[in-house]
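Data first, discussion second: the structure below is written as C-alpha cells.
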Amino acid sequence: DKRTSSDQYGYFAITNTNLVKSIGLVKVSSNGYYNAFKTFIPVAGKETFIRIPLQAKKLTGQIAASAGGKLVIEEKASLSLNESSVVNASNNSAFDGQIQVNATSFHNKPAGVLPGDGRGANSEGYLKTLQFYGALAVNLSSDNGTALQIAPGKTAFIQIPVTETLLSSAPSTIDLWYFNESKGLWMQEGTATRNGNVYEATVSH
C-alpha cells in the first residue's frame with residue numbers, strides 16, 4: 001500500500017508501486033464524505049489518469065437500536081432495521097443507543113460515481129461487467145462516531161429506487177451486489193425483487 005495527500009485542487013500522484021496486473025485500486029478518504037474507491041487496469045511503465053468524485057455524507061436520521069424501525073432515505077429509498085440487530089463494528093459487542101444513519105441513493109446519479117469501475121466477481125468467481133439499476137450507500141454509527149454494523153445472523157431490509165431511464169427494461173428480479181473495499185470489485189450476494197419502481201432485498205451487511 002502507498003499513501004499520499006492531494007493538493008488544494010484535489011490532484012495527487014502515486015509512483016513506483018507494484019499492482020496486480022488486472023486490478024489497481026485507489027481509496028480516497030476526506031472528512032464529511034463517504035470513502036471513495038476507484039478501480040482501474042494498470043499499464044506497466046505508463047501513467048494512468050483517474051478522476052474520483054466524492055459524495056458528501058448526509059445525516060438521514062436516527063433509529064433506536066433497541067426498537068428498530070424504518071427510515072426513508074430519499075424519495076422511495078429506505079432502510080429498515082430490526083430491534084437489537086446492530087453491534088459495534090470493531091468487536092461485535094451489543095449496541096443499545098441511537099443509530100445515526102448516513103445514507104444516499106444513487107438511482108439518478110451516473111454510474112461513474114459508484115466505487116470501482118463497473119466490474120464485479122459473480123458467485124463462481126468470474127469477472128463481469130455490471131448493469132447499474134440503482135444503489136444505496138449506508139453508514140451506521142453511534143452519537144460519538146463509532147462505526148456500527150448489522151449483527152452476525154441478523155438482517156436489514158432495503159428499498160432501492162430503479163434508475164428512471166431503465167424503468168421500462170428493469171427485470172422483476174436482479175442479482176444483488178456489494179462493493180468489496182479490499183478487492184476493489186463488486187461481489188454478488190443474494191437477489192433483489194422489483195416492486196413497482198423499487199427493488200427490495202434483505203441484506204446482512
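The values are calculated or read from the model by the stated rules, or taken from the named source; none is laboratory data. Everything numeric in this text was worked out from a predicted model, so none of it was measured. Glycine gets a Cβ as well: all are built from the backbone with ideal geometry, and neighbour counts include every protein chain shown. We work out accessible area using only protein heavy atoms, side chains counted, and drop any ligands, DNA or RNA first. Shrake-Rupley method; radii C 1.70, N 1.55, O 1.52, S 1.80 Å.
Below are the figures for this structure:
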read-out: Whole-Hz ³J(HN,Hα) from phi, Karplus 6.51 cos²θ - 1.76 cosθ + 1.60, for the stretch 126-143, glycine and proline x; value: 8, 6, 9, 8, 8, 9, 8, 9, x, 7, 10, 10, 9, 10, 10, 8, 8, 4
read-out: Candidates 146, 60, 155: whichever shows maximal mean-square fluctuation once the chain is modelled as a Gaussian network with Cα springs under 10 Å; value: 146
read-out: Cα-based Rg of the stretch 62-162 normalised by 2.2 N^0.38 Å, two decimals; value: 1.20
read-out: Student exercise, the chain dipole from Lys, Arg, Asp, Glu Cβ charges, in Debye to nearest 20; value: 500 debye
read-out: Magnitude of the charge dipole, the stretch 49-95, Cβ model with Lys/Arg +1 and Asp/Glu -1, debye to 20; value: 200 debye
read-out: Long-range amide H partners of residue 24 with built H, under 5 Å; value: 40, 41
read-out: Top positive-direction residue, dipole computed over the stretch 1-154 with Cβ charges, set 148, 28, 44; value: 44
read-out: Karplus-derived HN-Hα couplings along the stretch 32-48 (A = 6.51, B = -1.76, C = 1.60, θ = phi - 60°), whole Hz, x at Gly and Pro; value: x, 10, 5, 4, 10, 9, 10, 9, 8, 9, x, 10, 4, x, 10, 7, 10
read-out: Read-out Cα extents along the principal axes in Å, derived from the coordinates shown; its label in [x] 58, 41, 25; [y] 117, 43, 23; [z] 55, 43, 33; value: [z]
read-out: Proximal lysines relative to residue 183, as straight alpha-carbon distance under 24 Å, when same-chain residues fewer than 8 apart are discounted; value: 2, 21, 27, 38, 46, 57, 109, 128
read-out: DSSP bridge orientation in the chain - percent antiparallel, rounded to nearest 5; value: 95 percent
read-out: Low-density loop cleavage sites - GluC sites (Glu not before Pro) in the stretch 28-126, where at most 14 other Cβ are within 10 Å (DSSP); value: 47, 75, 83, 124
read-out: Average accessible surface area per residue within the stretch 17-163, 1.4 Å rolling probe, Å²; value: 55 Å²
